[in-house]
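The numbers here are math on the coordinates, done by the rules we state, and not lab data. Keep in mind that this is a model prediction, so the values were computed, not measured. Glycine also receives a Cβ, built like all others from the backbone with ideal geometry; neighbour counts cover every protein chain displayed.
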Amino acid sequence: MHLVIQGAALAEADLRQIEQLAQARQIERLGPAACRLIGARQRPGIAEICERARLDFALVPANRRLADMGLLAIDMDSTLITIECIDEIADLAGVKAEVSAITAAAMAGKLDYAQSLRRRVGLLRGLDEDALARVYDERLRLSPGAETLLAAVKRAGVKTLLVSGGFSFFTERLKTRLGLDYSISNALGIEHGRLTGQVVGDIVDAEAKAAKLRAVRDELGIAKERIIAVGDGANDLKMMAEAGVSIAYHAKAVARGKADYALDYVGLDGVLNLFG
């Protein structure tokens, strides 16, 4: 096994202490603040050092390669992008505090997702549809390292699936802009240029995300072991359970505790360091 250490900064003293604890044979530098400890062991004390130094750490198989994977499934809000789109739409409607509180509870697994979405969308009723374009143009930003990650998986021949309990207005634009292969999301009701306060069709919840992943997996004819899933909240857990490698990205505790790996301090390009 190899131990991957990465963060915004990596002090030499911390690295040497981790190297000694892990009994690693060799240190392979991956970047200014990232390295792979070859032949390492998971030992008591490593987690505590990394937490104090604000470092992400992961014990990964030595023979795992990105080129061996077949599909990357990634959540949109607060994962591929830095915002929760519905919260920013709500800000333009003057109800951000109320909507954000419901969003936070749903992502922490304290509320049923479908019910929480209906409640939040209901608060947007009557908002001019131009607010969606304003959020996309003025507030939506890719998470750090997103483009680097996507470029690398494309070079490796890995297909991409954008899964979202958010809205197709945003997923379809991102799909086109980033050259993603598949997507699934919710559709907002719009009549006469204003939001109706309703979701059109079935709601994309945790099970729908997982079902879409399975459908794409079967279409591509790949095994579970060749799937990477990245998410941040409770409604990503079923999707992440369908993957051979699950990664919680700057995630809520409920997701971090169930994922194979957690990235709390680095950008999405940190996913690449988990593979040879």
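Here are some notes:
- The peptide list 131-140, 209-218, put in order of mean Cβ contacts within 10 Å with the highest first, becomes 209-218, 131-140.
- Dipole of the chain, positive end: most advanced residue of LEU111, ALA13, PRO32 [Cβ charges, Cα centre]: ALA13
- Alpha-carbon Debye profile of the chain, log10 I(q)/I(0) at 0.09, 0.10, 0.15 Å⁻¹: -0.44, -0.53, -1.08
- Which of VAL163, ALA187, ALA243, positive extreme of dipole for the chain (C-beta unit charges): ALA243
- The peptide list 73-80, 89-96, put in order of mean Cβ contacts within 10 Å with the highest first, becomes 73-80, 89-96.
- Value of relative contact order over segment 2-63, rounded to a whole percent, pairs C-alpha under 8 Å and six or more apart: 48
- Here the chain is assigned +1 on the Cβ of each Lys and Arg and -1 on the Cβ of each Asp and Glu. Its dipole about the Cα centre then comes out at about 720 debye.
- Separation of the alpha carbons by more than 25 angstrom is noted, of LYS154/LYS212; LYS159/LYS224; LYS110/LYS258; LYS110/LYS209; LYS96/LYS154, for LYS96/LYS154.
- Peptide packing for 175-186, 11-22 was compared via the average number of neighbouring C-beta atoms within 10 Å per residue; ordered from the highest value, the list is 175-186, 11-22.
- Farthest toward positive dipole pole in segment 67-274 [+1 Lys/Arg, -1 Asp/Glu at C-beta], among LEU132, ALA97, ILE228: ILE228
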